[in-house]
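The values are calculated or read from the model by the stated rules, or taken from the named source; none is laboratory data. Predicted, not measured: the structure shown is a model, and the values here were computed from it. We place every Cβ from the backbone using ideal geometry, glycine too, and count neighbours over all the protein chains shown. These accessible areas exclude ligands, DNA and RNA; they are computed on the full protein's heavy atoms, side chains included. Shrake-Rupley method; radii C 1.70, N 1.55, O 1.52, S 1.80 Å.
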Amino acid sequence: MKLWRTILLLRIVAVVAALAWHWLAADPGYLQLRIRGTTIETSVVVAIASLLLVWAVLTAVRHLLLAPLRHLREEITRVTDGKRHAGGETPMPSREWEELRTTFNQMVLQLRQAKNAHEHSERVLAERSTTVDRLLDFSQTIQGAGQADQVLSTLSQFLETELKLSGIAI
């Protein structure tokens with residue numbers, strides 16, 4: 001359906017352009033601009049063509065300047081989604097953009113290292129929490145035992161195996 005609307009819009013533009021062409025061919029118009037003492041005289045057709053040319057050049061320059069930023073934004077999106085690793089695939093247009101990409105890649109590596117360190121600390125914390133829970137269970141168990149020799153030998157064995165402590169004098 002969108003294709004038909006596009007075709008219809010193009011046909012309407014073509015009809016309007018044909019009518020405008022006949023109207024401008026009969027009388028191309030006269031345009032006189034005065035800017036601070038400078039007078040520019042031209043026809044309306046040339047003025048419109050000049051404006052369209054300037055618009056096209058500015059659009060091309062804008063695209064050339066913003067394409068690396070758009071590429072960088074896409075890379076940042078990929079990093080935040082976890083789909084990108086550091087390293088550039090596309091050559092950058094200038095040295096400054098290349099330096100920016102290098103800095104970005106260093107940032108990605110540092111973020112990955114921080115993420116790995118965080119995951120490691122979470123694993124260690126979970127292991128220590130499990131050990132503390134087992135120590136509390138052990139503490140409740142030995143409170144009911146009563147004999148000091150059994151408690152000390154069991155406690156020494158627990159401290160050595162679970163908490164990886166050896167050579168402790170009690």
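Structure notes:
- Cβ-Cβ FRET estimate between residue 113 and residue 69, R0 fixed at 22 Å, reported to 0.05: 0.25
- With θ taken as phi - 60° and the Karplus curve 6.51 cos²θ - 1.76 cosθ + 1.60 applied, the whole-hertz 3J(HN,Hα) list for region 39-54 is 10, 10, 10, 7, 8, 5, 4, 5, 5, 5, 4, 5, 4, 5, 5, 4 Hz, x standing for glycine and proline.
- What region 12-60 shows is 86 Å² of accessible area per residue, with the surface traced by a 1.4 Å probe over protein heavy atoms.
- Fraction of accessible area attributable to carbon and sulfur, region 1-98 (%, probe 1.4 Å): 69
- Descending semi-axes in Å of region 1-69, equivalent ellipsoid built from Cα gyration tensor: 29, 26, 6
- 3J(HN,Hα) along region 7-18, derived from phi through the Karplus expression 6.51 cos²θ - 1.76 cosθ + 1.60 where θ = phi - 60°, amounts to 4, 4, 5, 5, 5, 5, 4, 5, 5, 5, 5, 5 Hz, with x in place of Gly and Pro.
- Restricting the GluC sites (Glu not before Pro) of region 13-115 to loop positions (DSSP other than H, G, I, E, B) with no more than 15 neighbouring Cβ atoms within 10 Å leaves 89.
- Built amide H within the under 5 Å cut-off of residue 31, gap 5+: 42, 43, 44
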